[in-house]
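The next block holds one structure in the form of structure tokens; read it before the comments.
The values are calculated or read from the model by the stated rules, or taken from the named source; none is laboratory data. As the structure is a prediction and not an experimental result, all values here were calculated from the model. All Cβ positions, glycine included, derive from the backbone under ideal geometry; neighbour counts span all protein chains shown. Surface accessibility is based on the protein's heavy atoms, side chains included, excluding ligands, DNA and RNA. Shrake-Rupley method; radii C 1.70, N 1.55, O 1.52, S 1.80 Å.
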Amino acid sequence: MPATKVQDEREVKEWLEAGKPYSWIVQQYQELYNIETTVPMWSAYRRRKGIKRRVTRDTDLIPWKIAPEHMLAYPLVMLRAEARQRAGEELKGRAASKLANWKKMLEETGQVVYYDRDTADGFFYVPREDSDPEGALIRRPRAGLRPQVED
């Protein structure tokens, strides 16, 4: 079994728990120890050591496999903020007011978020349907069905 590249487990644990990006840790290890590491290595290390995931995942709010080109779409950013808030995390900066305004817009316009990874835009606001649960923010995926999307 090869020797570990991790020089100081306490140090790495502190970095991970402080939310330092894996890319930052890669850079630190190169500068401090002249050891080349990778982002996947640090991700696996975090998982093996049972260190809490930095990103809150909520498959009820984001049930789709998101295409890379849609990762920064505003509806996805807002759904992630909602997931953090539901998990009891404090939203930083103006995120809480942005989320509140976004949810108000959905409510006032009677819309929900729909995602179709096979389109250029990916995310759409579609009219709420009777089948959408009360207070739902998204249209749950339904096999083979695509709602009408206005341009």
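Which residues, counting only those in the range 14-59, are hydrophobic (A, V, I, L, M, F, W, C), open to solvent by less than 70 Å² (accessible area, probe 1.4 Å) and part of a loop (DSSP other than H, G, I, E, B)? Outline the logic, then answer.
Kept after step one, since they are hydrophobic (A, V, I, L, M, F, W, C), are these residues of the range 14-59: 15-16, 18, 24-26, 32, 35, 39, 41-42, 44, 51, 55.
Filter once more, keeping what is open to solvent by less than 70 Å² (accessible area, probe 1.4 Å): 15-16, 25-26, 35, 39, 41-42, 44, 51.
Correct list: ILE35, ILE51.
Rundown of residues vs (1) within 29 Å of LYS52 (Cα to Cα); (2) touching an Asp or Glu at 6+ places or on another chain (Cβ under 8 Å), yes/no style:
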site: ALA67; (1), (2): yes, no
site: LEU72; (1), (2): yes, no
site: LEU76; (1), (2): yes, no
site: GLY88; (1), (2): yes, no
site: GLU108; (1), (2): no, no
site: TYR125; (1), (2): no, no
site: GLU129; (1), (2): no, no
site: PRO133; (1), (2): no, no
site: LEU137; (1), (2): yes, yes
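State the number of residues belonging to the range 71-129 that are at pLDDT 95 or above, part of a loop (DSSP other than H, G, I, E, B) and hydrophobic (A, V, I, L, M, F, W, C). Selection size over the range 71-129: 2.
Of all the numbered requirements in (1) more than 20 Å from HIS70 (Cβ to Cβ); (2) open to solvent by 90 Å² or more (accessible area, probe 1.4 Å), ALA100 misses one, and that requirement is (2). The single condition from (1) charged (D, E, K, R); (2) more than 18 Å from the chain's Cα centre (by Cα); (3) closer than 21 Å to LEU106 by Cβ that ARG48 fails is (3).
Within the range 16-28, residues that are without any contact (Cβ under 8 Å) to a residue 40 or more places away in the chain have Cβ atoms under 6 Å from residues that are of a type in the set (Ser, Thr, Tyr) and crowded, with 16+ Cβ neighbours inside 10 Å in these pairs: VAL26/THR37, counting only partners at least 6 apart in sequence or on another chain. Consider the range 49-108. How many of its residues are among the polar types (S, T, N, Q) and free of Cβ contacts under 8 Å to residues at least 12 places away in the same chain? The number of residues fulfilling the criteria is 3.
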